[in-house]
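See structure below.
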Amino acid sequence: MAEKIDMEESKPPNGEAHPDEPMSNGLSGPRHPEPLSQRVIRIMRENMLVILTVAGVIVGVLIGLGVRNVDLTITQKIYIGFPGELLIRLLKMIIIPLVVCSLVSGAASIDPKALGKLGGWAMLFFLVTTLIASSIGVVMAYIITPGAVSVTKPAGLDEEVPAHKEVIDSFLDLIRNILPSNLVSAAFQSYATAYKLVKINGTDGNYTVEKVPIGTDQDGMNILGLVVFAIVFGVALRKLGEEGEILIKFFNSFNEATMVLVSWIMWYAPVGIMFLVAGKIVEMDNVGALFASLGKYIACCMIGHLIHGALVLPLIYFIFTRKNPYTFLWGIFTALATAFGTSSSSATLPLMMKCVEENNGVSKHISRFILPIGATVNMDGAALFQCVAAVFIAQLNETSLNFIQVITILVTATASSVGAAGIPAGGVLTLAIILEAIGLPTSDISLILAVDWLVDRTCTVLNVEGDAFGAGLLQHFVDRNSKKDGVELSEVRLDSDLSPAAPEHSPLIEKKPARDRADDGKSESIM
Ligand code: ASP
């Protein structure tokens, strides 16, 4: 039996809490007057995770600055980062089951037409915002001219510069990775082209040497391949009808159980972030010298990230939804802090799902379908910093870029950000594609690597923020459409016994009674 369900779940989108039910971020109160002390306690309880995260960051900075002055060995510094390492391990552990199960059950539970529309709008949003971010990067680099200073190359980073690769091979690799030849190895390896020289004998006794591309497997999850497989598999399961329901049910409950794990991990996040921040501050050496030569580049990237993240994305969200975008940002604060601490969109994905669903009123169907795609292909921050880096390296090499080259930078940055993995320094690796495309030396990437530990943090925050706003906007469109004509994107097939369990709330927030929850996500029946 199929049901049409309202995509809107227990809570409406952010800023519109139910009159009787305070939003979990505490920005809107109950109808009846409440004593101030009780109100303060309630708001603190509702925002406990955010408060703990902010405290974690602040204490982490203080610990880092304090311990920095102590003479520590490299091993001791590694030990300081240990609790942070645990957070990253926990989040990484959850990525594959989360991405695969949420996409399979998401694709299987949404009507194919609605799925196409949802995916299409999401892709359009991701594309337009990434292009805007790239343009901001180019404009910032021309205004601030970070390459107008003389910089000395930091030693020891040259080996980390990616090997030369033809632009065409980079794009072919992207397509090959979309279709993994082995799903098991896609969980930890991806395809990468290398080259070998082949001697070709001519008829006249002479020979020529040809550089031939050969396929190699490199370490690192092929998340793009897993995402594509999971979506197609979900659609196929839906096509099976009743026969497929048992597997849909399996993926649904796997997904729900994973989200319960996420809600537990969330409470460790403040501690993990504290030690990630402290560990990084203790580890940094010679920051002064780095800032002296590359400070303008860092400023250029960070100001660009700030403009896009604090003005452009919120403005787009406001124009379409007329809701306060900063309330939305407040709701995902823990996820943003995790992105800052871990420098990884993939690792942030589990917490981001929890935050948008519980604080910003995005339905599970949307968040669990759009966010894994966004975390894989939508990287506004990466595109922005890659554009800054490309113009910066051109300036360093005193190469003036013509209009066609600037357009090439914008287009390749947008495309290569899709190929960038959501891991620390994922974007630096694909930066080589842009430099190759406009004929700049890739060896200069060592400069970018020297400061990437810092730039990558704001970059990752922006990457995940873009995904969250995308989910928020889609929720708005779905709500509007279901109000307007009742069907459209809200047509979702879920048997009553397939409906997802109620969200696992934080232990500090009282759960709604089961009677209320039973209505969540299922407002009317069509068959
Ligand atoms: N670290 C970024 C992320 O995970 C990718 C990048 O390096 O740009 O989103």
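Here, each number is a calculation from the coordinates, and none is a lab measurement. Quantities reported herein were computed from a predicted structural model and do not represent experimental measurements. Heads up, the Cβs are rebuilt from the backbone with ideal geometry, glycines too, and the neighbour counts pull from every protein chain shown.
With the crude spin-label approximation of a point 7 Å out along Cα→Cβ, what separation in nm comes out for ASP219 versus VAL232?
Distance between label points: 2.9 nm.
Restricting things to Cα coordinates, could you compute the convex hull volume per residue of region 338-471 in Å³? Walk me through the numbers before you get to the answer.
Details: hull volume 11.5 nm³, N = 134.
It is 86 Å³ per residue.
Starting at the first residue of region 327-333, write each ³J(HN,Hα) from the Karplus equation 6.51 cos²θ - 1.76 cosθ + 1.60 with θ = phi - 60°, in whole Hz, x for Gly and Pro.
5, 4, 5, 4, x, 10, 4
Test of understanding: ordering MET259, MET93 by Cβ neighbours within 10 Å, fewest first, what list do you get? Walk me through the numbers before you get to the answer.
On the way: MET259 23, MET93 14.
With the fewest neighbours first, MET259, MET93 line up as MET93, MET259.
Rounded if a/c is under 1.5, else prolate if a/b is larger than b/c, else oblate: which is region 75-188, with a ≥ b ≥ c the root eigenvalues of its Cα gyration tensor? Let's see the in-between values first.
On the way: a/c = 1.82, a/b = 1.27, b/c = 1.44.
It is oblate, given that a/c is not under 1.5 and a/b is not larger than b/c.
Note down the nm distance, to one decimal, between modelled labels 7 Å out along Cα→Cβ at ALA148 and at ALA55.
With each label placed 7 Å out from Cα toward Cβ, I get 4.6 nm.
Label points 7 Å out from Cα along the Cβ direction at ARG42 and VAL411: separation in nm?
5.6
Take the cross-link list LYS165/LYS280; LYS165/LYS211; LYS249/LYS364; LYS323/LYS354; LYS117/LYS239; LYS165/LYS196 and give me the ones stretching past 23 Å between alpha-carbons.
On the way: LYS165/LYS280 32 Å; LYS165/LYS211 11 Å; LYS249/LYS364 15 Å; LYS323/LYS354 20 Å; LYS117/LYS239 18 Å; LYS165/LYS196 12 Å.
Distance filter (> 23 Å) returns LYS165/LYS280.
Under the rule of at least 5 residues apart or a separate chain, name every residue whose amide H is placed under 5 Å from the amide H of ILE110.
Here ARG493 satisfy the definition.
For ILE200 and SER253 in one chain, what is 0.36 nm times their gap in residues minus the Cα-Cα distance, to one decimal in nm? The partial results should precede the final answer.
Numbers: separation 53, 0.36 × 53 = 19.08 nm, distance 5.71 nm.
Length gained between ILE200 and SER253: 13.4 nm.
Taking 0.36 nm per intervening residue step and subtracting the Cα-Cα distance, what contour gain separates THR208 from THR75 on full extension? Don't skip to the answer; put the middle values down first.
Values: separation 133, 0.36 × 133 = 47.88 nm, distance 5.12 nm.
Gain on stretching THR208 to THR75: 42.8 nm.
Please give the contour-minus-distance gain from ALA310 to GLU242: 0.36 nm per residue of separation, less the Cα-Cα distance, rounded to one decimal in nm. Before the final figure, lay out the partial values.
On the way: separation 68, 0.36 × 68 = 24.48 nm, distance 4.67 nm.
My answer for the length gained is 19.8 nm.
Please identify every one of the trypsin sites (Lys or Arg not before Pro) in region 316-369 that sits in a loop by DSSP and has no more than 12 other beta carbons within 10 Å of its own beta carbon.
On the way: sites: ARG322, LYS323, LYS354, LYS364, ARG368; in loops: ARG322, LYS323.
Those that pass, being in a loop and sparsely packed, are ARG322.
Among ILE110, ILE175, ILE316, which comes first, then next, by fewest other beta-carbon atoms within 10 Å? It would help to have the intermediate numbers written out before the result.
Details: ILE110 27, ILE175 11, ILE316 19.
Fewest-to-most ranking of ILE110, ILE175, ILE316: ILE175, ILE316, ILE110.
Compute the projected area of the convex hull of the Cα atoms of region 388-433, averaged over all viewing directions, and report it in nm² to one decimal place. Before the final figure, lay out the partial values.
Values: hull surface 12.9 nm².
One quarter of the hull surface, i.e. the mean projection, equals 3.2 nm².
Order by neighbour count: PHE392, PHE82, fewest other Cβ atoms within 10 Å first, most last. Don't skip to the answer; put the middle values down first.
Numbers: PHE392 27, PHE82 10.
Arranged by neighbour count, lowest to highest, PHE392, PHE82 become PHE82, PHE392.
If you find the alpha carbon centre of region 227-259 and of region 163-198, how far apart are they in angstrom?
28
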